[in-house]
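Below is one structure, written out as structure tokens, with a few remarks after it.
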Amino acid sequence: MTDNLGFAEDAHSLAMILDTMAEGLYVVDRDGVVQRWNPAMERMSGYSAEEAVGRPCALLNCETCPEEADVPAQCRLFQLGEIDNVETTIQRKDGKRIAVLKSARVLHNAQGEAVGTVETLTDISSVRLLQREVSRLRGEIEERFEFHNIIGKSPGMREVFSQIEMAAASEATILIQGETGTGKELVAKAIHYHSERKDGPLVTVNCSALSESLLESELFGHVQGAFTGAVKDYIGRFERAHGGTVFLDEVGELPPNVQVKLLRVLQEREFERVGESTPRPVDVRVIAATHRDLRERVREGAFREDLFYRLKVFPIHLPPLRERKEDIGLLLRRFIDQFNERTGKHIEGLSPDALRIVLDYCWRGNVRELENAVEHAFVTCPGGEIGPFDLPVEVRRVELANAICRESAPANAPPPASTPRRAKPTSREELIALLDECAWNKAEAARRLGLTRTSVWRRMKKLGIPLDATD
């Protein structure tokens, strides 16, 4: 038999094929009229074959079909000849739109003339629902592990989050202590923007970045003629922060005369500009931060004891990254997402070997150093996974990493390497035994020997051990 498309066919065999297809399939003629409509299309669209056959294919209101394309001859399919797995939506009989993957081909007769199209639709609405649910759950998880751009799920960071909330609910002076790169400024911002002073200014001062004479003027201001170059009155940071918060970063570097003036601000809530004797009242909350041991500075006579106790009304200690390595995965994901967006690259993550190196390293520069390492990797890695050789040399080279970590470790700290260094094997049998212990992971064997992976490869070659050997 023949049909409107001019094709001879075995109607029974074709019907059986169409009935067993999981994908929706329909055929339209040159005039855009549906000629065939399989059972999967009935289930997907809600239209029975009797309702669809003989009607224009526009009944599906496909999102990718232009409104003016009343017949297939006007749509881009007749120019392209075929389309594959285009994600779009169609409208069901009940008016609901569902997501589908659409593929289509132009049909030609024996003379090569376009006589219609055959199109298949795969329902992916359940997949999209699942993706949305995964995104929602991921957002909830990230929200639980994040507080005002501070990321962590470790017990130490959960304690920090709790302390931030308590600090934000009070007016107490806060002292944030932690190593360089742990995020002290982020904590100060979180406290300010969750406090009653959030609508007031947050003024930051790096106490180690200014000379003693400039720092006093910068903090408290000066009057015209107070010193050479003071050609007009200057409003200091405390005065500018009225009604808000002053964040004193690296407060341990304050010179003695400035410490005295700061103590007066904390005690009396007033200050004097340089060159004048009139007290000026000020309403500010002070948050201080330091990577120094202020108790030790007090013992050395470099920091006033009374100021130390005024500052540490509510201390917050930020743990170093080496003590919260369970947070490294979260931080890596955040930094990779940020740099992907910034650079336009598509880095998926770290290879197992690179991740092992990152987890073994001591990160004496903490979160800031980790972020810089990821940025370095984005320079060398074109896409896909970040490998060991995309990491900074001081992180991936065992001997350099161990030296850095020994230098920065406290006197009573354990050795930085996660596994004891093995004596270098002198025989083929010794090296094979070590490789067996490491499941023939050359990177792990290199770490145990305190060598680079390239050195292990060279030693294997010298001893006649095949690089891909597994026995």
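Filtering the range 212-257 to residues that are under 29 Å from residue 190 (Cα atoms) and among the β-branched types (Val, Ile, Thr) leaves 235, 245, 246, 251.
Please specify each residue of the range 250-295 satisfying the condition of being closer than 22 Å to residue 192 by Cα and among the polar types (S, T, N, Q). Of everything in the range 250-295, those that are closer than 22 Å to residue 192 by Cα and among the polar types (S, T, N, Q) turn out to be 267, 290. Taken residue by residue, the range 59-74 has no member that is part of a strand (DSSP E or B), modelled with pLDDT under 90 and among the charged types (D, E, K, R). In the range 239-320, counting only helices (runs of 4 or more DSSP H) that sit wholly within it, the ones holding 2 or more residues that are of a type in the set (Val, Ile, Thr) and closer than 16 Å to residue 207 by Cβ span 256-268. Which residues, counting only those in the range 27-41, are of a type in the set (D, E, K, R) and in a strand (DSSP E or B)? Within the range 27-41, 29, 36 meet the criteria. Within the range 354-378, being out of contact with any Ser or Thr (no Cβ under 9 Å at 6 or more places or on another chain), more than 11 Å from residue 390 (Cα to Cα) and crowded, with 20+ Cβ neighbours inside 10 Å holds for 357, 358, 361, 363, 370. Can you tell me which residue within the range 1-41, out of those that are modelled with pLDDT under 85 and touching a helix residue (DSSP H, G or I) at 6+ places or on another chain (Cβ under 7 Å), is nearest to residue 51 (Cα to Cα)? The selected residue is 32. Answer with yes or no whether residue 226 is over 27 Å from the mean Cα position of the chain (by Cα) and either under 16 Å from residue 272 (Cα atoms) or basic (Lys, Arg) (or both). Considered against the rule, which asks whether it is over 27 Å from the mean Cα position of the chain (by Cα) and either under 16 Å from residue 272 (Cα atoms) or basic (Lys, Arg) (or both), residue 226 comes out as yes.
Set side by side, the residues 238, 161, 147 differ, and just one is under 20 Å from residue 277 (Cβ atoms) and in contact (Cβ under 8 Å) with a residue 12 or more places away in the chain, which is 238. Only one of the listed residues (307, 219, 254) is within 23 Å of residue 181 (Cβ to Cβ), in the same structural domain as residue 188 (by TED's automatic domain parsing), crowded, with 16+ Cβ neighbours inside 10 Å and touching a residue at least 40 places away in the same chain (Cβ under 8 Å). That residue is 254.
The values are calculated or read from the model by the stated rules, or taken from the named source; none is laboratory data. Being a predicted model, the structure only gives us computed values, none of them experimental. Counting neighbours? That spans all protein chains shown, and the Cβs are built from the backbone with ideal geometry, glycine included.
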